[in-house]
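Before any comments, here is the structure.
Readers should treat all values here as calculations from the given coordinates under stated rules, not as data from a laboratory. Predicted model only: the values in this text are computed from it and were never measured. Because the Cβ atoms are built from the backbone with ideal geometry, glycine has one as well, and the counts that use them run over all protein chains shown.
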Amino acid sequence: MNTTLCENIDWVGRVDWSVRDFHSYDAEHGVTYNAYLVRDEQTALVDAVRAPYADELLRKVAALCDPASVRYVVCNHAELDHAGALPEVLRALPGVTLVCNKRCAEALAGHFDTSSWKQRIVKPGDTLPLGRRSLRFLDTPMVHWPESMFTYVPEEKLLFSMDAFGQHYASAERFDDQTPLAAVLEEAKTYYANIIMPYGKAVKTCLERLAGWEIATIAPSHGVIWRTHVAEILAAYRDWADCRPKAKVLVIFDTMWESTARMAEAILDGADLPGVQRKLLHVRRVNLTRIAAEVLDAAAVAFGSAMLHGGMMPMAAAALTHLENLRPKGKAAFAFGSYGWGRGGPEGVDERLRNLDWQILREPLRAKYRPSDEVLDECRAAGRMLAEKALESCR
């Protein structure tokens with residue numbers, strides 16, 4: 001495995017091939033915890049790994065340098081998938097100084113006893129000389145925690161970007177040009193949608209601050225390292241920060257006795273216009289992680305649920321809760337669904353869609369027991385309306 005970013009700067013992280021649940025994120029392709037070693041007159045370790053992998057991290061460091069030569073450990077982000085190994089790492093590297101911003105130091109003190117740690121608090125624009133190279137720091141609050149920070153090596157045009165630009169993507173290769181680009185961009189999109197989407201305003205501020213920096217390589221804390229397709233991932237982040245839509249219609253639903261499913265299929269059929277991408281998502285047959293990723297760049301959404309106990313189906317409610325937390329912007333939508341002896345399914349969906357502050361195109365589309373031919377025709381007409389709205393939003 002090639003782990004060298006440039007001369008004397010190496011990846012020393014951990015590939016976790018088997019993890020599939022990352023605090024409810026469905027990591028179907030595994031995860032990496034990226035850490036980097038910058039060797040110079042003074043050597044710096046940038047970020048750490050989860051606590052169980054501290055020994056592996058330290059072995060990789062020892063294979064590249066005398067551990068006693070490490071002078072600094074930079075913590076860009078206090079979340080435990082990156083900071084969990086810090087207590088063991090700092091014990092194993094005598095005399096090392098932890099480098100982080102003030103908010104990060106406060107967060108670390110909430111996780112660990114840091115009273116004996118030697119710390120250097122840095123501010124935006126501060127520079128730490130290492131010798132031939134230096135480290136420059138940029139606070140990136142709410143991308144995606146309050147204490148988040150980037151570390152930049154100007155001499156190499158290398159950005160250690162913390163969770164930004166990352167992917168949950170385990171791979172035997174470390175770089176974007178060694179893996180299928182479409183797959184990596186899709187995983188980056190999925191990561192953005194589920195981790196960073198609520199903080200689009202902060203992302204745009206961050207991108208503006210980076211505009212004057214020369215960046216040849218982006219080394220995130222998860223996934224592959226961007227060295228060939230830097231322009232593509234930066235452009236993608238600009239689009240995602242705005243929730244910039246494609247001409248895409250989603251029909252998301254849950255069903256009991258297939259009545260709502262028949263309505264969903266009719267809506268999808270009606271949305272079959274040239275230039276419109278259509279997707280049908282059954283909430284119990286796809287995961288919440290995938291739903292969020294699809295919603296990120298959709299222009300229009302029909303969301304349906306049958307009635308259960310006077311409300312919507314449980315997984316429909318879970319999907320809407322997830323979307324409310326992520327706050328995707330700028331969608332057109334309507335609710336639909338079936339009911340029998342009592343109402344509440346499509347009505348509950350409609351209320352939740354309105355909470356998202358999306359453009360609601362119509363009142364909920366309902367079918368009692370089984371959808372009649374007239375109701376299915378109404379579904380197809382509503383699907384066409386969604387498709388026309390999707391095309392209009394992308395002009």
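If r is the Cβ-Cβ distance from residue 368 to residue 318 and R0 is 22 Å, what FRET efficiency results, to the nearest 0.05?
0.30
Work out the length of the dipole vector of the stretch 172-277 about its Cα centre, built from +1 on the beta-carbon of each Lys and Arg and -1 on the beta-carbon of each Asp and Glu, and round it to the nearest 20 debye.
Numbers: 11 positive and 15 negative charges, 93 e Å.
Around 440 debye, computed over the stretch 172-277.
Have a look at 151, 334, 12 and report the one farthest towards the positive end of the charge dipole of the chain, computed about the Cα centre with Cβ charges (Lys/Arg +1, Asp/Glu -1).
334
Under a point-charge model restricted to the Cβ atoms of Lys and Arg (+1) and Asp and Glu (-1), what is the dipole moment magnitude of the chain relative to its Cα centre, in debye to the nearest 20?
For this selection, approximately 540 debye.
Taking 35 Å as R0, compute the FRET efficiency from the Cβ-Cβ separation of residue 351 and residue 21 and round it to 0.05.
Using R0 = 35 Å, I get an efficiency of 0.70.
Charges only on Cβ, +1 for Lys and Arg, -1 for Asp and Glu: so what's the dipole of the stretch 289-395 about the Cα centre, in debye to the nearest 20?
140 debye
For the stretch 249-393, give me the percentage of DSSP beta bridges that are antiparallel, rounded to the nearest 5 percent.
Restricted to the stretch 249-393, the bridges split so that about 10 percent are antiparallel.
Separation between the residue 41 and residue 112 pseudo-spin-labels, each 7 Å from Cα along Cα→Cβ, expressed in nm?
In this crude spin-label approximation the distance works out to 2.8 nm.
Measuring from label point to label point, each 7 Å out along Cα→Cβ, what is the residue 127 to residue 62 span in nm?
3.6 nm
Tell me, what is the percent relative contact order of the chain, built from C-alpha pairs under 8 Å that lie six or more residues apart?
12 percent
May I have the count of lysine pairs in the stretch 249-393 with C-alpha atoms under 17 Å apart, counting pairs 8 or more residues apart or located on different chains?
Details: 279/331; 279/389; 329/389; 331/389.
Qualifying lysine pairs in the stretch 249-393: 4.
Considering the values (1) 23.9, 77; (2) 29.8, 94; (3) 21.4, 64, which represents Rg and Dmax of the Cα atoms in Å as calculated for the structure under consideration?
From the options (1) 23.9, 77; (2) 29.8, 94; (3) 21.4, 64, the structure gives (1).
Return the single residue from 200, 110, 166 with maximal mean-square fluctuation; model: Gaussian network over the chain, springs between Cα atoms under 10 Å.
Top of the fluctuation ranking is 110.
Could you list, by residue number, the cysteines of the chain that have no other cysteine's beta carbon within less than 4.7 Å of their beta carbon?
6, 65, 206, 243, 379, 394
Give the calculated FRET efficiency between residue 284 and residue 51 to the nearest 0.05, with a Förster radius of 41 Å applied to their Cβ-Cβ distance.
Computed FRET efficiency for residue 284 and residue 51: 0.75.
Exposed loop chymotrypsin sites (Phe, Trp or Tyr not before Pro) only (DSSP loop, at most 16 other Cβ atoms within 10 Å): please give the longest stretch of the chain free of them, not including the sites.
113-212
Straight-line reach from residue 201: which aspartates and glutamates have Cα under 19 Å away, leaving out those fewer than 8 places along the same chain?
139, 147, 163, 239, 242, 297, 324, 357
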